[in-house]
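Take a look at the structure set out below.
The values are calculated or read from the model by the stated rules, or taken from the named source; none is laboratory data. Bear in mind the structure is a predicted one, so any value in this text is a computation, not a measurement. So basically every Cβ, Gly included, is an ideal-geometry build from the backbone, and we count neighbours across all protein chains shown.
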Amino acid sequence: MKPDDDLLIIGKVVGVHGIRGGLKVLSYAESPTFFDETDELIFRFPKGSDKVYAIQETNPRKGGVQMLLAGIEDRNAAEGMVGAEILVSRADLPEPGEEEYYWSDLIGLGVYTIDDAYLGRLTRIMPTGGNDVYVIRNREKETLIPAVKSVVVSIDIGARTMRVALPEGL
């Protein structure tokens with residue numbers, strides 16, 4: 001098992017499908033084909049334990065993936081998987097391209113305006129149809145910022161900061 005900082009959450013089991021132990025997975029991967037390209041995944045259960053399962057079959061579905069795993073043979077076993085996060089080792093993923101980042105690298109960044117005003121920490125990312133939306137939170141409020149080049153001026157992973165040019169009205 002790799003150290004936690006080497007693991008990235010790539011999805012979550014949100015339900016079951018059928019009587020053969022099928023899982024409904026909410027995918028955080030950019031493409032559902034990611035699950036076709038790997039042989040096994042790490043599942044982290046709500047109580048904190050991890051277990052590795054081999055993938056037998058995947059089928060992309062709207063909003064996610066249906067999946068069959070070795071050792072999960074019926075609906076009862078599948079129901080015990082609901083709520084588990086799906087993790088992969090960072091070493092098993094391709095390096096992001098220039099100006100591309102894994103969400104896990106962005107979560108927690110301190111966000112500042114181009115005038116050096118502190119807005120808060122990036123606490124989560126919401127995918128939308130057109131572009132992602134960054135949720136920035138401080139003690140007083142939550143700010144939603146579109147993840148577009150005209151707004152996100154710079155990201156410095158080493159310094160753990162993001163600089164933004166806020167659109168009018170924010």
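May I ask you to verify whether I72 is β-branched (V, I, T), closer than 14 Å to L41 by Cβ and without any contact (Cβ under 8 Å) to a residue 60 or more places away in the chain? Break it down into steps so the answer makes sense when it comes.
Numbers: β-branched (V, I, T): yes; closer than 14 Å to L41 by Cβ: yes; without any contact (Cβ under 8 Å) to a residue 60 or more places away in the chain: yes.
For I72, the condition - β-branched (V, I, T), closer than 14 Å to L41 by Cβ and without any contact (Cβ under 8 Å) to a residue 60 or more places away in the chain - is met.
Residues considered: I72, I55, I86, I19. Of these, the only one that is in a strand (DSSP E or B), among the β-branched types (V, I, T) and over 29 Å from Y134 (Cβ atoms) is I55. Restricting attention to region 99-112, does a residue exist that is surrounded by 12 or more Cβ atoms within 10 Å (Cβ to Cβ), assigned to a strand (DSSP E or B) and at positive phi? No. A single member of A84, A29, A78 is among the hydrophobic types (A, V, I, L, M, F, W, C), under 16 Å from V14 (Cα atoms), at pLDDT below 85 and surrounded by 14 or more Cβ atoms within 10 Å (Cβ to Cβ), and it is A29. Just one of the numbered conditions (1) over 20 Å from S154 (Cβ atoms); (2) polar (S, T, N, Q); (3) touching a strand residue (DSSP E or B) at 6+ places or on another chain (Cβ under 6 Å); (4) in the same structural domain as V153 (by TED's automatic domain parsing) is not true of T128: (3). Contact annotation: residue pairs with Cβ atoms under 9 Å, 6 or more positions apart or on different chains, pairing a residue in region 119-132 that is closer than 17 Å to S150 by Cα with a partner that is of a type in the set (F, W, Y), are D132/W103.
Within region 28-50, the set of residues being closer than 19 Å to T128 by Cα and in a helix (DSSP H, G or I) comprises P32 only.
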